Structure formats: structure tokens, C-alpha cells
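Below you'll find the structure, written out as C-alpha cells, and then a few comments.
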Amino acid sequence: MEGLKVGVFVLAVSFGSSLALASENAWKTCDGCTWAQKHQCASEVALEYQLKTGDFAWIYDFHNEIASKFYVQVTPPGTIIQGADGADSSSETSSLPSVSVIQSPLGGDEAYYAGLLNYFVNDVWRPQGGAYDYPSCQAQWISGEGQRETSGGVISGGRSSGVIVHPINIPPGTGQNTAYDVFGALAAASQLAESNVGLLGLLGEVQNIFDGWVPASPINVNTQLKLQFSDGSYGIWNFNFQSDQWEPDWSTFRDSEGNPMPLTPSDMVGQRYDFSGTPIGQNSLREFLDRARVLGIPITGPGGGQGGDSVPARCRMEGDTMRCWPIGPY
């Protein structure tokens, strides 16, 4: 089962494990490489990152979904690797350290978390056009300068600012039937996301730990969650690395009719809100007017103390008052 969902996330576990306290880790990708090529790549990683005996070089093969871990041994013991650029040109070749790498088995947790990152890369990001930008032995072998390849889903140079939005349907239940049920309530909204995201709930943790290994997140897309409620309303959630949780972007929230939800009275200025005569549309109208009352805005028209229900309605701010009135065929 080694090849099943085993990939780069191995490094995340090692970073936070007791193993990492006594050793250092460095890594590169070698997609589709043979074992001999991965062994060569691990040796180069050890030299480039000046690893010592007891450290580990990781090689990640996304194409085959395999992560390989190599134990680094430097002789004589205690020698610090200086690599090609740091070597003393006057030194004898025989005085240079000997570096060997020995493939080591992955622990259970390492294989599990490696599989999670493989899932995100190969089943989430790449099918939707996302790319990754990892250090690659192959790129160095091809160009001799360590440039990223530009084919096979790997990008060259700086990362793009693309966004991948994952829709998640929220089943009906107490306090989660419409986006209004959590609108404006950060704790409730974050808890709702946490209880419904499944494996995607680990996405923030994956990228958070990766940030401890590389200067920037290796995934060149920003992943968002779109929570869709049973009445058709929805909102977008982003992962907050400081709070370590998924948090809502209130400006993205829309009711069942596609109307933006007002967080403050100023959000209503210049907006037009249309509601159908259907039960769902009328429920959204009632929630909208309830929100206006919470914000202290006077209301006139259908649902505001005048007029009837079950008719299409339009609402708009006029001065400091929200005016609603019946409209023609919706």
C-alpha cells in the first residue's frame, strides 16, 4: 500500500514529531523517477542542504504518489558537509566527507499524512487547474540551474494568485438551515465549517506546517470553502492561519434570492433587494427584515407592518428607512 496516497505531506509530520527534534529534514521532488534516480536525488539534497549524520532527505514523487525517506550518513562522523560552493579548493579530494543515504521506512502517521497531501494535490488542486512549485532534482538535471519545469502541472517562477472554491452542501438541521443562521456570528460560523468540511478541514493544517519548511506555501492557489445551505443561500470561508480555523468572509454571503446580506447599516445603502413570492423567497424576506430591525433601521411596506405576505417584493433604503413594496411578476 506504499504507493496509495503517499506523498509530500510526510515532511509535515516529521516537522512536528519527536524525530524532528533530534534531526533535520530537507526535500525535493522527483516525479516519475526510478529508485536509482531518487537515491541520487537524496544524495544531492544532503549535499545541497548540508545535512549531517542522523538527518533525513525526503524525495516526493507526485506522479506515482510515493514518498521516500532516506537516512543520511556522513563519514567521518561529525563532519559538516560544505557542498561544491563551500568546499576549500586547496583541500585534497580524499579529505572531503563521504555521504551515503539509506532508504528508511515511513512510520504509520507519516504515511497517513503523506496521503492527505497527495489527496489535496492530485485530487483537489490539479484537477481544477492548480499547480505546485517545489524544488525539483529533475529541473536541476535538465537545466543545470534548478529552474522549475513548466509542464505537467508545475509552474515556473512566481506563483499565481488563483483561487479554488470547494462547494460543501450543509444538510438541514437546527441552526443551519440558511446562511442567516450564522451570519455575523464568527464562533458559530467557524464551528459550522469545522463540523462539515471533512478532510478539507485539514487543509489549513497541511499548509500551515508546510510554511515551516519552505519560505512560502508550495501550493500556488488559495483554497476557499463555499458552504451552501438547503434554501440556496451561501457564504465563502477562508482559512485563518493565526486563529487556526476556517473563518467566514461576510461580504460573500448571499440569501436564497442572491441578495447580499448586510452586516452593517452602511451595507444597505445603494442596494436593491428583490424577493420572490415563493415560501423560500418570503422566508428570506423575513430574515432580511429581521436583520434590518437588529441594525435599528425603520421599515415600511410588506413585512414591515404594512401590506401582505406571499407576494414578490422589492426593498431599498430611502434615507434612514428601509422601504419595501410589492412588485410585478418575479
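The values are calculated or read from the model by the stated rules, or taken from the named source; none is laboratory data. Please read all numbers here as calculations on a predicted model, not as lab measurements. Methodologically, a virtual Cβ is constructed for each residue, glycine included, from the backbone with ideal geometry; neighbour enumeration extends over all protein chains shown. Side chains are part of the model used for accessible areas, which takes the heavy atoms of the whole protein and leaves out ligands, DNA and RNA. Shrake-Rupley method; radii C 1.70, N 1.55, O 1.52, S 1.80 Å.
Listed values, structure above:
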read-out: Fully extended contour minus Cα-Cα distance, from Glu194 to Asn177, at 0.36 nm per residue; value: 4.5 nm
read-out: Heavy-atom accessible area ranking, 1.4 Å probe, most first, across Ser195, Ser256; value: Ser195, Ser256
read-out: Percent accessible area from carbon and sulfur atoms, region 25-73, protein chains only, probe 1.4 Å; value: 53 percent
read-out: Amide H partners (placed H, <5 Å) of Asp231, local residues excluded; value: none
read-out: Heavy atoms of Ile280: accessible area, 1.4 Å probe, square angstrom to 10; value: 80 Å²
read-out: Per residue accessible area of region 264-329, 1.4 Å probe, in Å²; value: 52 Å²
read-out: Per residue accessible area in Å² of region 25-73, where ligands, DNA and RNA are left out and the probe is 1.4 Å; value: 35 Å²
read-out: Label-point separation in nm, Ala36 to Arg286, each point 7 Å along Cα→Cβ; value: 7.4 nm
read-out: Sites Phe241 and Arg272, calculated FRET efficiency, Cβ-Cβ separation with R0 41 Å, nearest 0.05; value: 0.65
read-out: FRET efficiency, Thr321 to Val163 (Cβ-Cβ, R0 45 Å, nearest 0.05); value: 0.75
read-out: Val269 accessible area, 1.4 Å probe, all protein chains in place, Å² to nearest 10; value: 100 Å²
read-out: Residue order for His63, His39 - accessible surface, 1.4 angstrom probe, largest first; value: His63, His39
read-out: Fully extended contour minus Cα-Cα distance, from Leu295 to Gln140, at 0.36 nm per residue; value: 49.8 nm
read-out: Contour minus Cα-Cα distance for Ser100 and Asn122 (0.36 nm per residue); value: 4.8 nm
read-out: Residues listed by number, region 263-281, amide nitrogen under 18 Å from Gln224 label point at 7 Å toward C-beta; value: 263
read-out: Built amide H within the under 5 Å cut-off of Thr178, gap 5+; value: none
